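Here, each number is a calculation from the coordinates, and none is a lab measurement. Treat the numbers as computed from the prediction; the structure is a model and nothing was measured. Please note: Cβ atoms are built from the backbone with ideal geometry, for glycine as well, and neighbour counts cover all protein chains shown.
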Amino acid sequence: MAKANALPILVAGGGIGGLAAAYALARKGFPVRVLEQAPEFREIGAGIQLGPNIFRALEKLGLKEAVLADAHIPPAMEMRDALTGQSVTRIPLDVPAFREKFKQPYAVTHRHDIHGVFIKVCREHNLVTLENNRTVESFDEDGDGVTVTLVSGERITGRALIGCDGMWSKIREKIVGDGKPLVSGHIAYRAVLKREEVPADLWQPDVILWAGPRTHLVHYPLRRGEIYNLVAVFHSKRYVEGWNAEADAADLWEHFQGQRPEVLRMLERIDTWRMWVLCDREPVKEWAKGHAVLLGDAAHPMLQYLAQGACMATEDAVWLAEKVAQNPDDLPAAFKAYVQQRYLRTARVQLMARVYGDFYHARGPAAELRYQLLNPRTPEQAYDGIDWLYGGM
Ligand SMILES: Cc1cc2nc3c(=O)[nH]c(=O)nc-3n(C[C@H](O)[C@H](O)[C@H](O)COP(=O)(O)OP(=O)(O)OC[C@H]3O[C@@H](n4cnc5c(N)ncnc54)[C@H](O)[C@@H]3O)c2cc1C
């Protein structure tokens, strides 16, 4: 149990990771203050894939059904060759064999919807305080706690600090100090369409990935099928920090030239794209320093090719709360135990995501080899291949 009258645990950043951590800790009896830089708690307007492993974590938080309420369960995930139209591999998801193997579903949802579930439960929990317009600049350790300094100059004291401030984390600067994230040279354009804006013959209930030379396009329905999510990725030298920059459509067209009409017709539907420059970092295990520790993208930023960043952040939150509850009087030790639990699993996802990116963007013989390796697999073989990720937590 938490100490009576203890100072709150401070959480820097109110994204999926920060809110999941706040709620998980509050459920274990710890008061938490979430300090978010933005004027309101909000996720960007885009879809997110949720592997079975996140549902294992959400179930522990009692939130699985709430997240599923607005989600869409795709019947399958399919990779198609963007030049030939050939189906490279198709993995059934909404079938008994998948459910028996992983005991949890595969779903896709709108980021607002899953983030909204976390906001609601945090707001309703009397041990969580959510605060906006609080940009964390740095922190200092002071014996048995931390003092956070905001850009406004205000200082806030807590029992401990969880750095959930994402890819460009200030808290990481102080704990790890490994500079800026690594720019992958890949860029993602995203858009969301209403169902009626998608040509009827192109609307698919599945997660479809069109793999092209140095490009791919992913699309799938969201929010019980009412809207449609598109993410187009290509290689580019552009670099803009943040997750919401306006994108230049001409750049996109140049890279998708010559691809299947299904791909081009889908891209044509979009008037305005937003973009992300995709970054990651080398895995490290120094996420904890005394009473401060990292979680989510601040700890293990990864490319999105395994669709796992938010899943990993939610798993982190559950394990962090578990370890803190096991050792409430020695948070530095609890944080070390949490890092020990998490760093290899998340490192594997960081490294494997890069490999998947190479697979998706293969050209020439590499693309032929991709077909040769993936096409003959049975669904069971595909499930076994991803068991390390979907079967764990
Ligand atoms: C193209 C793309 C597709 C993706 N698809 C998937 C997917 O399908 N499935 C999946 O699981 N993951 C996916 N991800 C990854 C996922 O979006 C991230 O890993 C996840 O959002 C990380 O959550 P987080 O809370 O750690 O960080 P963030 O979501 O970045 O949240 C950080 C929060 O901290 C705040 N903040 C930042 N700095 C400060 C500061 N100094 N002080 C206070 N607050 C601060 C920010 O405003 C923000 O609210 C994808 C990523 C990309 C780029």
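So if each residue of separation counts as 0.36 nm, and I subtract the Cα-Cα distance between Leu202 and Gln86, what length gain in nm does that give? Let's see the in-between values first.
Details: separation 116, 0.36 × 116 = 41.76 nm, distance 1.55 nm.
Difference between extended and current length: 40.2 nm.
Using a Gaussian network model of the chain whose springs link C-alpha atoms within less than 10 Å, name the residue from Ala298, Ala20, Ala325 with the highest mean-square fluctuation.
Residue with maximal mean-square fluctuation among Ala298, Ala20, Ala325: Ala325.
Assuming a ≥ b ≥ c are the square roots of the Cα gyration tensor eigenvalues, decide whether segment 77-212 counts as rounded (a/c under 1.5), prolate (otherwise, with a/b larger than b/c) or oblate.
Verdict is prolate for segment 77-212.
Taking the Cα atoms of the chain alone, what are Rg (to one decimal) and Dmax (as a whole number) in Å?
20.9, 65
Please give the Cα centre distance for segment 16-68 versus segment 184-242, rounded to the nearest Å.
Answer, in whole Å: 24.
I'd like the trypsin sites (Lys or Arg not before Pro) in segment 304-385 restricted to DSSP loop residues with at most 13 other Cβ atoms within 10 Å, sorted by number.
In loop regions of segment 304-385 (DSSP not H, G, I, E or B), the sparsely surrounded trypsin sites (Lys or Arg not before Pro) are Arg363.
Quick one: Kirkwood hydrodynamic radius for segment 10-53, alpha-carbon pairs, angstrom, one decimal?
11.8 Å is the Kirkwood radius here.
Where both residues lie in the chain, what percent of DSSP beta bridges are antiparallel, nearest 5?
Of all bridge pairs located within the chain, approximately 70 percent are antiparallel.
State whether segment 209-273 is rounded, prolate or oblate according to the following rule on the C-alpha gyration tensor (a ≥ b ≥ c being the square roots of its eigenvalues): a/c under 1.5 gives rounded; otherwise a/b larger than b/c gives prolate, and the remaining case gives oblate.
Judged from the Cα gyration tensor, segment 209-273 comes out oblate (a/c at least 1.5, b/c at or above a/b).
With both bridge residues required to lie in segment 10-153, what share of the DSSP beta bridges run antiparallel, to the nearest 5%?
So the antiparallel bridges amount to about 70 percent of the total.
Loop-only check: which trypsin sites (Lys or Arg not before Pro) in segment 209-262 are DSSP coil with at most 10 other Cβ within 10 angstrom?
Qualifying residues, ordered by number: Lys237.
Please report how far the C-alpha centroid of segment 98-127 lies from that of segment 306-360, rounded to the nearest whole angstrom.
Measuring centre to centre over Cα atoms gives 18 Å.
Given Lys174/Lys336; Lys64/Lys103; Lys28/Lys289; Lys174/Lys289; Lys28/Lys60, which pairs have Cα atoms separated by over 20 Å? Working shown, then result.
Details: Lys174/Lys336 17 Å; Lys64/Lys103 13 Å; Lys28/Lys289 22 Å; Lys174/Lys289 9 Å; Lys28/Lys60 12 Å.
Result: Lys28/Lys289 exceed 20 Å.
Any idea what angle helix 16-27 forms with the longest principal axis of the chain, computed on alpha-carbon atoms, 0 to 90 degrees, nearest 10?
On a 0 to 90 degree scale, this one is about 40.
Scan the chain and report its longest stretch carrying no GluC sites (Glu not before Pro) that are both in a DSSP loop and have at most 16 other Cβ atoms within 10 Å. Walk me through the numbers on the way to the answer.
Details: sites that count: Glu40, Glu154, Glu226, Glu241, Glu286.
No qualifying site falls inside 41-153, the longest such stretch.
If the elastic network links every pair of Cα atoms under 10 Å, which of Gly18, Gly143, Gly29 fluctuates the most in the Gaussian network model of the chain?
Gly143
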